[in-house]
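Since the structure comes first, as structure tokens, the remarks are kept for the end.
The values are calculated or read from the model by the stated rules, or taken from the named source; none is laboratory data. All figures in this text were calculated on a predicted structure; none of them were measured in a lab. Neighbour counts are summed over all protein chains in view; Cβ atoms, including those assigned to glycine, are modelled from backbone coordinates with ideal geometry. Side chains included, ligands, DNA and RNA excluded: accessible areas come from the protein's heavy atoms. Shrake-Rupley method; radii C 1.70, N 1.55, O 1.52, S 1.80 Å.
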Amino acid sequence: MRLDGKVSLITGAGSGIGRATANCFAQEGAIVVAVDVNADAAQATEEAIEMAGGQCLGLGADVSDEEQVIGAIAATVKNFGRLDILFNNAGISVIKPITETTEADLDKLLGVNLKGVFFGCKHGIVQMLTQGGGIIINTASELGIVGQPLYSGYSATKGGVLALTRTLAAEWSAQNIRINAICPGPTDTPMIRAEFNLSDDPVAEEKAAVSTIPAGHLGKPEDIARVALFLATSDADFVHGAAIVADGGKTIR
Ligand SMILES: NC(=O)c1ccc[n+]([C@@H]2O[C@H](COP(=O)([O-])OP(=O)(O)OC[C@H]3O[C@@H](n4cnc5c(N)ncnc54)[C@H](O)[C@@H]3O)[C@@H](O)[C@H]2O)c1
């Protein structure tokens, strides 16, 4: 198995891409710490992985709160001795014209999507330095690269994640800490379903989204999990500070 005995912490692991990655990493032999602000969802991920014969600890924590990020990493090290792979994946979306986006909306987006990744990287690096290295993967988005109406705050946070990832790779690669980002395109998770459901006609909304994807369908959470798996293995040893796009070709046109 490709991640045998590796200790991984995944945020947003109670749903969508995070849960699929937790399952994937566990199937590849990793010990998974599944972190989510929804503690019940984190617990459900733990139960599903343990039922399937894997090893998982579900933890409730809010990544926008630095103390809770410190606590999740400390719990990982206390239980499993180290932190080999950190997947900063938790995120939220707000879909509104900028003219209707409130300061509270922006603060929430910045808190989860950007500060959450920042705190994860900061304290993940502190731990990884004590153990001779590690791997960090950050979930950005294709909307950190291309523009799309109604995503001003969201895309600003995701562009920030890409800039942060590049900077940290430049800063820490020499210390054997390999840091990369994934840019998913539209992926079939509760997040995108909630976005479609904001429309009066969710079916038409989904059709419109799919029409922008050359592959002709939404991504599956497992598609993104396999990209995370690649970045988490030694196959990606020479990949540093990259933004790996997995979007069915959406950003090529
Ligand atoms: N689904 C897509 O189309 C898509 C596309 C590009 C990028 N992304 C990104 O992928 C990541 C995962 O999204 P998803 O589609 O799986 O969404 P999702 O809503 O299915 O899962 C996100 C999980 O993050 C958790 N979460 C939210 N706020 C949190 C917080 N403060 N602390 C800890 N956990 C928190 C939620 O409870 C949820 O379980 C996000 O960063 C999202 O921006 C998703």
Quiz prompt | From Leu162, Leu198, residue being surrounded by fewer than 22 Cβ atoms within 10 Å (Cβ to Cβ) and either in contact with a strand residue (DSSP E or B) (Cβ under 9 Å, 6 or more places away or on another chain) or free of Cβ contacts under 8 Å to residues at least 60 places away in the same chain (or both) | solution = Leu162
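Going by what's in this entry, would Ala90 be described as in a loop (DSSP other than H, G, I, E, B) and either crowded, with 22+ Cβ neighbours inside 10 Å or under 16 Å from the mean Cα position of the chain (by Cα) (or both)?
It is true that Ala90 is in a loop (DSSP other than H, G, I, E, B) and either crowded, with 22+ Cβ neighbours inside 10 Å or under 16 Å from the mean Cα position of the chain (by Cα) (or both).
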Practice problem: Identify the residue in the stretch 21-40 that is small (Gly, Ala, Ser) and crowded, with 20+ Cβ neighbours inside 10 Å and, among all such residues, is nearest to Lys78 (Cα to Cα). | Solution: Ala34
Quiz item: Taking the stated definitions as given, is Met51 over 21 Å from Ala194 (Cα atoms), hydrophobic (A, V, I, L, M, F, W, C) and at pLDDT below 95?
Solution: no
Self-check item: First in the stretch 76-91 and over 25 Å from Ser141 (Cα atoms) and at pLDDT 95 or above, second anywhere and in a loop (DSSP other than H, G, I, E, B) and not charged (D, E, K, R), Cβ under 8 Å, 6 or more apart
Solution: Thr76/Leu83; Val77/Leu83; Arg82/Gln131
Quiz item: Among the numbered criteria (1) open to solvent by 50 Å² or more (accessible area, probe 1.4 Å); (2) away from the ligand (no atom under 15 Å from the Cβ); (3) of a type in the set (Val, Ile, Thr); (4) in contact with a helix residue (DSSP H, G or I) (Cβ under 7 Å, 6 or more places away or on another chain), which single criterion is violated by Ile70?
Solution: (2)
Quiz item: Does Thr233 qualify as being touching a Lys or Arg at 6+ places or on another chain (Cβ under 6 Å), open to solvent by less than 40 Å² (accessible area, probe 1.4 Å) and at pLDDT 95 or above?
Solution: yes
Quiz item: All but one of (1) open to solvent by less than 60 Å² (accessible area, probe 1.4 Å); (2) closer than 21 Å to Thr21 by Cα hold for Pro97; which doesn't?
Solution: (2)
Quiz item: What is the residue count in the stretch 47-58 for residues that are surrounded by fewer than 23 Cβ atoms within 10 Å (Cβ to Cβ) and either within 19 Å of the chain's Cα centre (by Cα) or under 22 Å from Val126 (Cβ atoms) (or both)?
Solution: 1
Quiz item: Among the residues of the stretch 16-51 satisfying the criterion of being in contact (Cβ under 8 Å) with a residue 60 or more places away in the chain and farther than 23 Å from Ile70 by Cβ, which is farthest from the ligand (Cβ to nearest atom)?
Solution: Glu28
Quiz item: What are the residues in the stretch 100-146 that are open to solvent by 60 Å² or more (accessible area, probe 1.4 Å) and away from the ligand (no atom under 14 Å from the Cβ), if any?
Solution: Glu100, Thr102, Glu103, Ala104, Leu106, Lys122, Val126, Leu129, Thr130
